[in-house]
1. Under 8 Å for C-alpha pairs, at least 6 residues apart: give me the relative contact order for region 7-241, rounded to a whole percent.
2. Can you tell me the order of 230-241, 204-215, 130-141 when each peptide is scored by its average per-residue count of other Cβ atoms within 10 angstrom, highest first?
3. State, as an integer percentage, the relative contact order of region 33-106 based on alpha-carbon contacts under 8 Å between residues 6 or more apart.
4. Report, please, the projected area of the chain averaged over directions, based on the convex hull of its C-alpha atoms, in nm².
5. What does the convex hull of the alpha-carbon atoms of region 26-119 project to on average, in nm²?
6. Rounded to the nearest 20 debye, what is the charge dipole size of the chain about its Cα centre when +1 sits on each Lys and Arg Cβ and -1 on each Asp and Glu Cβ?
7. If you build a Gaussian network model of the chain, linking Cα atoms that sit under 10 Å apart, which residue out of P192, P222, P18 swings the most?
8. Place a +1 charge on the Cβ of each Lys and Arg in region 99-244 and a -1 charge on the Cβ of each Asp and Glu, then give the dipole magnitude about the Cα centre in debye, rounded to the nearest 20.
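The values are calculated or read from the model by the stated rules, or taken from the named source; none is laboratory data. On a predicted model such as this, the values are computed, not experimentally measured, just so you know. Cβ coordinates were reconstructed from backbone atoms using ideal geometry, including for glycine residues, and neighbour counts include every protein chain displayed. Surface areas here come from the heavy atoms of the whole protein model, side chains and all, with no ligands, DNA or RNA. Shrake-Rupley method; radii C 1.70, N 1.55, O 1.52, S 1.80 Å.
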Amino acid sequence: MSRYEDVKERLCLALDLPTFAEAESAVDRLREYVGVFKIGMELYTAEGPRVVEMIHNKGGKVFLDLKFHDIPTTVAKAAAVATRLGVLMFNVHGAGGSTMMRRCVDAVNETADKEGLGRPITLAVTVLTSMNQDELTGEIGVGRDLKDQIVHLAQLSQKAGLDGVVASPKEIVPIRDACGRHFVLVTPGVRPAWADANDQKRVATPKEAMARGADYIVVGRPILAAEKPDLAARMVLDEMLEVA
Ligand code: C5P
């Protein structure tokens, strides 16, 4: 694989769009520059698995960002369905606990083995980046320091057999130190120097995120809302190439 192909496979575009038609036109326009397309709750709730199928038919890979968080049996069943959909990766909440996460991994392995399918990368969400220490402690009742809680949940998910976590740029280094080189780190909150931060607070450039050790970077609005989305994607790739 060329270095360009390699970084392209590590660029994930957040398809935060309301309809199938808008998602399809973004995939058509950006497929050349983007390896992975992230489908979140809005698009999936509106349009369902046909969006996954559409992306696969166009040669893209899918990150199914539905953050499963339920009793172990329910999450295991959803994990089996995600495996059958053939997504590259999907995620669960680490706060669901190790039994839930282990059952998720078991369901992925069993489904993939029995049905001769590829095994998706399983990711945990640690603490949502929208949450601060006051909410974590005062509302949710977790006394631990927020940064320690993030690393704690990353390690818990690793012990449960998950492949990696979604980690903000600030969290990459401590999680990498705690969980090692092979743990997969998928990093949103990425903003090229030329882009608006929007509502993201702790941002890093694509180059910084890569240099800190992100395996995949997730970018949404800096590409989708750009005047020329294909040019914006190409500029993100060029920046990633500087450190790849
Ligand atoms: O448009 P933008 O680049 O901010 O999009 C980032 C994407 O990553 C959004 O889909 C957002 O929901 C998601 N995300 C995030 N921060 C997290 C987890 C997911 O921004 N901690």
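1. Relative contact order comes out at 18 percent.
2. 204-215, 230-241, 130-141
3. Values: 94 pairs, mean separation 23.8, N = 74.
Value for region 33-106: 32 percent.
4. So the Cα hull casts an average projection of 12.8 nm².
5. 6.1
6. Using only the charged Cβ atoms, the result is roughly 460 debye.
7. In the Gaussian network model the winner is P18.
8. My answer is approximately 200 debye.
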